[in-house]
Amino acid sequence: MTATERTLRAGIRGRPLIDGLVRLLGPSKVIGEHPEDLLIYEYDGAVDTATPDAVVLPDDTADVAALARFCHEHGVPIVPRGAGTGLSGGAIPVEGGVVVSFARMSRILEMDVANRRAVVQPGLINLHLSTAAAPHNLHFVPDPSSQKACTLGGNVAENSGGPHTLAYGVTTNHVTGLEIVLSDGTIVRLGGKAEDGEGYDLIGAFVGSEGTLGLVTEITVKLTPLPEDKRTILAAFPTMDQASASVSAIIASGLVPAAIELMDQLATQAVEAAVGAGYPLDAGGILLCEVDGLRDGLDELASRIEAICRENGATTLRRAQTVLEREKLWAGRKGAFAAMGRLAPAYYVQDGVIPRTRLPDVLRTVSEVSKRHGLRIANVFHAGDGNLHPLVLFSDMRELERVHEAGLEILTACVEAGGSLTGEHGVGMEKNCYMPLQFRAEDLALMRRVKTAFDPADLANPGKIFPTPSRCREFQLHATR
Ligand SMILES: Cc1cc2nc3c(=O)[nH]c(=O)nc-3n(C[C@H](O)[C@H](O)[C@H](O)COP(=O)(O)OP(=O)(O)OC[C@H]3O[C@@H](n4cnc5c(N)ncnc54)[C@H](O)[C@@H]3O)c2cc1C
């Protein structure tokens, strides 16, 4: 169904929609009476905006299912939303409809320490889970830098990663069960606490589907023992080339650190101004590397990493001596995006992935793009995964077209280097037009058939992932509906 067809069929917006939702769920769960109350739901962490017709705050799965049945009956799009920290416009209601905020479904339903599992609601904040599991010497591994704010539902939808997913895997590797509500209101349970399920891996299909297959209302995750100890190393290099070469050399040596993060000089300047993490300001590139596990042998691993960095030209090597020092080093990295406010009022973050060995080439291209467009670009990223995050800085929305062009050139370079358009932030409405850079029409059509199997009426977060004729015409790339 096209957006136009849906609009024609829908016939329920504005006052009739709000009244219908209030009759269904009660006034305390519906926002939309006053249009200004909808404004904060126009945004997420990216740059696109669109206003929802209404926002609903369900208390439980039954509310979500009732809402989905209502929206299905009336042809209204349904757009899930966690904390709105997404960086690809995933929670933005690009085709209107009802935004479902999971803010009130934020409980830990069960902490099963013996089986190392937790059953949680989707609105639970990522860090709250690890905080609750810590007294049991357990934690939830995926740790996006936004973990103080982002939700488990958002993590599942985006298949989020984080600095420490290099050795332990991203969200999909830590989810064993899901309860989902399909766009027609059907409640489906996939998996449970066991490691493997029979039949098709539908959890694998759902994780990373960005709300386009349905709404997740309950999540069963693995909890992992906290490592006995860690060693965190800061290595500073005169150039980004040397820092990138060290990343490849560390992995090629057979070591798999828990994290390898890289930051360029511009990012370091911002971090030092905002956080004061103690990074050397004169370095061209800074590597933050962590090894963890059993205490015995960690010092030797750290020494091997330091030796590799030295061979590749590191001028400063510092190993955190106390927990406080380690936390300070990480506070710098995890606060890096927010620190960009010290350099410019706005930034547009890219999320390309490349084979690690191509880091020096693609980073040179990023620097050329920066010069060509006259835009400052800071780099801070998960280097061990080859997951780049160039942050294109700008001051004024009138620069946005140029900023988008720079972003497209960077992502094209990533795809041409044998990489992909997104590592962890998702496609959303920001990169859906670019999908044909990486996928053939046949590939996209197959993905569309998966979407249709879950959501035949195309009401679950429409306008995301797949190129749409309405928004992608200017790219002259094929759309799939
Ligand atoms: C400063 C900063 C640092 C970040 N660092 C990282 C990082 O290191 N790694 C990383 O991977 N990401 C990172 N992100 C991106 C973002 O935080 C993650 O994508 C996160 O998982 C989004 O969670 P959220 O709760 O904010 O989701 P939202 O932004 O609200 O939504 C994201 C997507 O999930 C869908 N969704 C939300 N809830 C549900 C649900 N219950 N059912 C179905 N779909 C749902 C939405 O429709 C949308 O498509 C960062 C963002 C910021 C602002």
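Here, each number is a calculation from the coordinates, and none is a lab measurement. Model, not experiment: these values are computed from the prediction. Virtual Cβ from ideal backbone geometry, glycine too; neighbours counted across all protein chains shown.
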- How much length, in nm to one decimal, is gained on full extension between residue 110 and residue 409, taken as 0.36 nm per residue of separation minus their Cα-Cα distance? 103.0 nm
- Message: Give me a comma-separated list of calculated 3J(HN,Hα) values for the stretch 76-83, in order, Karplus coefficients 6.51, -1.76, 1.60 applied at θ = phi - 60°, integers in Hz, x for any Gly or Pro.
- Response: 9, x, 10, 10, x, 9, x, 9
- Item | the chain, helix-only ellipticity at 222 nm - DSSP H runs n ≥ 4, -39,500 (n - 2.57), divided by all residues, nearest 500 | -10000 deg cm²/dmol
- Kindly flag which residue pairs out of 193/222; 193/464; 148/328; 431/451 have an alpha-carbon separation exceeding 20 Å in this structure. 193/464
- Item | Of 136, 406, 93, farthest towards positive along the dipole that unit charges on Lys, Arg, Asp, Glu beta carbons give the chain | 406
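Please identify every one of the chymotrypsin sites (Phe, Trp or Tyr not before Pro) in the stretch 168-246 that sits in a loop by DSSP and has no more than 12 other beta carbons within 10 Å of its own beta carbon.
Passing both the DSSP loop test and the Cβ count: 200.
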- Message: How much length would be gained if the chain were fully extended between residue 442 and residue 134, taking 0.36 nm per residue of separation minus their Cα-Cα distance, in nm to one decimal?
- Response: 106.3 nm
- Per-residue ³J(HN,Hα) for the stretch 325-336, Karplus 6.51 cos²θ - 1.76 cosθ + 1.60, θ = phi - 60°, Hz, x for Gly and Pro: 4, 4, 4, 5, 4, 6, 4, x, 5, 6, x, 5
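Size of the dipole of the chain about the Cα centre, Lys and Arg at +1 and Asp and Glu at -1 on the beta carbon, nothing else charged, in debye to 20?
It works out to roughly 240 debye.
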- Considering only DSSP states other than H, G, I, E and B, which GluC sites (Glu not before Pro) in the stretch 168-270 qualify as loop sites with at most 12 other Cβ atoms within 10 Å? 195, 198, 228
- Query: When Lys and Arg each count +1 and Asp and Glu each count -1, what net charge do the other residues less than 15 Å away from residue 375, Cβ to Cβ, add up to?
  - Reply: -2
- Query: How big is Rg to Rh over the chain, alpha-carbon atoms, Rh as the Kirkwood inverse-mean-distance radius?
  - Reply: 0.97
- HN-Hα couplings for the stretch 284-297 via Karplus (6.51, -1.76, 1.60; θ = phi - 60°), in whole Hz with x for Gly/Pro, come out as x, x, 10, 10, 10, 10, 10, 10, 9, x, 5, 4, 4, x
- Alpha-carbon centroid distance for the pair the stretch 344-373 / the stretch 374-396, whole angstrom: 6
- Pull up the DSSP beta bridges for the chain and report the antiparallel fraction as a percent, rounded to 5. 85
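Run the numbers for residue 371 and residue 66: contour at 0.36 nm per residue of separation, minus the present Cα-Cα distance, in nm.
104.5 nm
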- Cβ-Cβ FRET estimate between residue 315 and residue 416, R0 fixed at 30 Å, reported to 0.05: 0.40
